[in-house]
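Enquirer: Before we start, here is the structure in question, set down as structure tokens.
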Amino acid sequence: MNNFIHIENKGIKEFKHLNEWPEKQFDYEIRQKHLTPYVTKRIDEYLEEDKDFFTKQFDKECYYLIKLSECEKYKNDYIDEEIDRYYNHVPDSAKIVNITQELEYRVAIKQCLKHTSPEVEREIKKIKNSNKVLSPYQELEQRVMLINKHNRNTDFWYENMDKDLQYGKTEIEKRLSLLSDDLRQETINELDRMKKERTNIKNSDIMKHILFMEICDGLDMDFESYKYHLLKHSSPYIENEINRLKEKGQLKKPSEELKMRIHLEQFEIKDEEAKKQEVDIDIFKEKSLHGLKEINILKRELNKVGKGFCLAKWNQVSLLLQNGMTHSCHHPVPHKIPLEELEENKSALHNTKFKKLQRKMMLEGGRPKECDYCWKVEDANKDAFSDRHMKSAEAWALPDFRKIRDSDWREDTNPPYVEISFSNQCNFACSYCDVKSSSRWQAEIDSQGPYPTSGLFNNTDWLKRADMMPIPYKQFNPYEQAFWKWWPDLYPDLHTLRITGGEPILHKGTFRVLDYIIDNPDINPELEISINSNFCPPDNLFDKFIEKSKYITENDLVWNYSVYTSVESWGDQAEYIRDGLDFNKFWENIDRFLTEVPKASVTIMSTYNALSAPNFHKLIEGVFQLKQKHYNGKRYRHYAILLDVAYLRQPSHQSLRILPTKWIDKMKEDIELMKKYREDKYLHIYGHGHSGFYDFEIEKFRRLIDYAESPLDDVDWLMKNRGDFFNFFNEYDNRRDKDFLSTFPELFDFWENCRRASWSVKVPKI
């Protein structure tokens, strides 16, 4: 019955035009069918707290009438007592937050009552008194385990489930008759699928877990309620795979994570046996790999070639054309592209002689020193997955495994994954940025020198010594010339193209790429393209960018189209951090892009730093509003906009780690705000959950708190960086006509502490 209710109420499809209904029709169709003394009493309770609770949204009353009438079907003294406990007498993280959760809790509590005995009740009471049960789902699983422990009769569980299904059959048939023809058939199909799925797994070892998840699936639950169960299914294998799936956005809610953990656990149990067997899966027929077993097979196949063999060395490249640097993967330090090699070979942007020697070493079983990030991970834990395994499992790498394995290291290759920066031309000079990525920073440092910090922030001497100074964007660039010679050969093989900067919309190279896609629609329609932008270029260029983006997406000339931007706060505080930003224009342009290019998506990459904390909640609210406004069901991805939060590592004097610990409490409040707007809370309104924050968005922000709360043993480091903070931003204000304290009055005490710390900071002479 619970599964049926979930299907029936999915989006409340029958009432999607409710706002257009005459009141009398609404009264007859909905109110009269569901209004009872119990429902009336509950409705009045909501109105006592907020007299406008229902009048603000007509369809909201419909939704609550249906849900409350369902709650009444799962009502007795024990259930009511437990529901009161979950409303008022448990920690905040475990409290019921809405009527949907109450209904699901009532269903689960009723299930609890079917798994009882004197022994079970005694032990459950002890567990509850110790506050180790924070949801009925935890209690249910504990009861099942205790029943099995005392009775040793697992059939008891199955018999009860069968009775429940029989009990609900008549009610389901009655309610199916009330649905429209289309929704009735859709519901019947879904119920048939569930029945078939249940039959297929009934005799498996994980049956009780799957049944438990049938009750939990799709619920609006706090992540904390799942922790007990999640921790039961954990290992290095499982944690590595779960983190990877979260990063890719493939685990959208805790119930999905728990199911995946259970399945991964079964793979891990059988892994040793699988290692002894011949490869029984042709993994190289797959486009990419995600499962633990498959990646383990790939790991063994990579190691047969050599324990340093990595497909990214052939199939991935990052090109920094502004200074002629290249690398494969983001871990190795970029190396210089010799101009003499480019004269002989236009693909030497990727196929440098240095990189070919690294490939040779890999094919011969060696481990290049520049890739030691992965070697350290693998040597620390032989069972761990490094980025060598993960990148080789990607869709842009895996299909070429055999070709690369059997190749001659001297051969040139066209990489399917290309990340390119045409120049450092940029109209911003963000506080934490550098000369390599911003022409404004380059001009400032050339004219005024580095900043007076202990490390001489943005001192370019080392760049000059390493031959890494950017070529001014107005000058001839031989690396860019070589790229366009290579481009016609490169484009047909591309899987992913990402354009970074600088500010890409300022550079003619970005538009040359877009025009090439438009002029050659049949060469590579499977391309994934993403473009970085600060969303504040000149109006004429932004208009041009909108026009071409719209044409490409409306005509499906690529497989996916996305734009990445950055902002770390809200309003004038965001403008202070990102010097050159017009925040109102920035936000209006994001809104305009999502409106006029309805298939594309935007990701805000927020590099959380010491100045983000005061106003970050406003950014969360703003992103949430855009999520709600722009979901349309047409986009290449389901979502319109994502908030991707990472923490700033360098420069360390702007890291959140230097803030007073009181700001950690503010971050925790912001986490709760994101949870308030969790995506699965909007299923009943829109019929989908893409209007709120995904769990992986929340989790990435939550990790910042782990970083902020980790012990800081080096007090000298803290004082030095606080001193550098004051010295930097004091100079920043002087050079750029800004005023820190008027912009960040919340940080007055912190600013004064940093001022005192600056007295002991030694600034090298230039």
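Enquirer: Among the listed pairs K627/K681; K618/K720; K313/K436, give every one whose C-alpha distance is greater than 21 Å.
Expert: K618/K720; K313/K436, as the Cα separations exceed 21 Å there.
Enquirer: Next up: When each pair of different Cα atoms in segment 283-415 is counted once in the 1/r mean, what is the Kirkwood radius in angstroms, to one decimal?
Expert: 15.1 Å
Enquirer: Can you give the percent of C-alpha pairs in segment 421-758 whose distance is more than 34 Å?
Expert: Numbers: 17023 of 56953 pairs.
Above the 34 Å cut-off, segment 421-758 has 30 percent of its Cα pairs.
Enquirer: Provide the per-residue ³J(HN,Hα) series for segment 63-80, in order, calculated from phi with Karplus coefficients 6.51, -1.76, 1.60 and θ = phi - 60°, each as a whole number of Hz, with x at glycine and proline positions.
Expert: So the J values, rounded to whole Hz, are 4, 5, 4, 5, 5, 5, 5, 5, 4, 4, 6, 10, 9, 7, 4, 5, 4, 4.
Computed from the coordinates by the stated procedures, all read-outs in this text should not be read as laboratory data. Not measured: the values here are computed from a predicted model.
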